[in-house]
């Protein structure tokens, strides 16, 4: 895809942090063209957390840089449109097979779960593929699952919380640490800040 506005590109890359983020994204997405052992091409994705880890920048800086790159049309240049088109075609074909295969399968209650899943994937395809057009959306829900894993583990070990107050305290502490980590703040540093009466707080949006 051709760059439409050279001045916008120059302006965006003139910012050192934006240039760094662009370099990280370019390095990661270049792997799209690498063939795997079965002859297909791998499709690594870039997440805000991954960019924060590799660039050592905060989430706000990464997202601001990504927005500048998007306005300049540079993110579109990095996307392999042909590859994405092929992958989307395979996705749609797989969903169609799932619907046709499970359409007449018997189930003791309503439609077969396979049919329900295939229909949901067809209905929400735009959500499944949103990560290909928005840098701030990860390709999986691993982040969400990771955020609740501590609660599930605590419930498994303890059985339950004895009072609502202790549950609220656990949720407050867990939320604080997860939010700090998502903003490239180490949990141990966030704990130290809280214990020294200077708790970390997320930046306020304008």
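A short reminder: the numbers here are calculations on the coordinates, not readings from a lab. Keep in mind the model is a prediction, meaning the values are calculated, not measured. Note that each Cβ is placed from the backbone with ideal geometry, even for glycine, and that neighbours are counted across all protein chains shown.
Put in order of Cβ neighbour count within 10 Å, fewest first, the listed residues 177, 130 become 130, 177.
A viscosity of 1.567 mPa s and a temperature of 4 °C, combined with the Kirkwood radius over Cα pairs in Stokes-Einstein, give a translational diffusion coefficient for the range 133-200 of 95 µm²/s. Using a simple spin-label model with pseudo-atoms 7 Å out from Cα toward Cβ, residue 168 and residue 10 lie 5.9 nm apart. Residues 70, 124 in ascending order of nearby Cβ atoms (within 10 Å, fewest first): 124, 70. If R0 is 22 Å, the Cβ-Cβ spacing of residue 191 and residue 160 corresponds to a FRET efficiency of close to 0.30. Taking N as the residue count of the range 51-192, its C-alpha radius of gyration divided by 2.2 N^0.38 Å amounts to 1.45.
Each peptide in 166-172, 20-26, 53-59 receives the mean, over its residues, of other Cβ atoms within 10 Å, and ordering these scores from highest gives 20-26, 53-59, 166-172. Remark: 112, 126 ranked as 126, 112, counting other beta-carbon atoms within 10 Å and listing the fewest first. Between residue 17 and residue 142, what's the calculated FRET efficiency when r is the beta-carbon distance and R0 is 25 Å? Round to 0.05. Working from the Cβ atoms, E equals 0.45.
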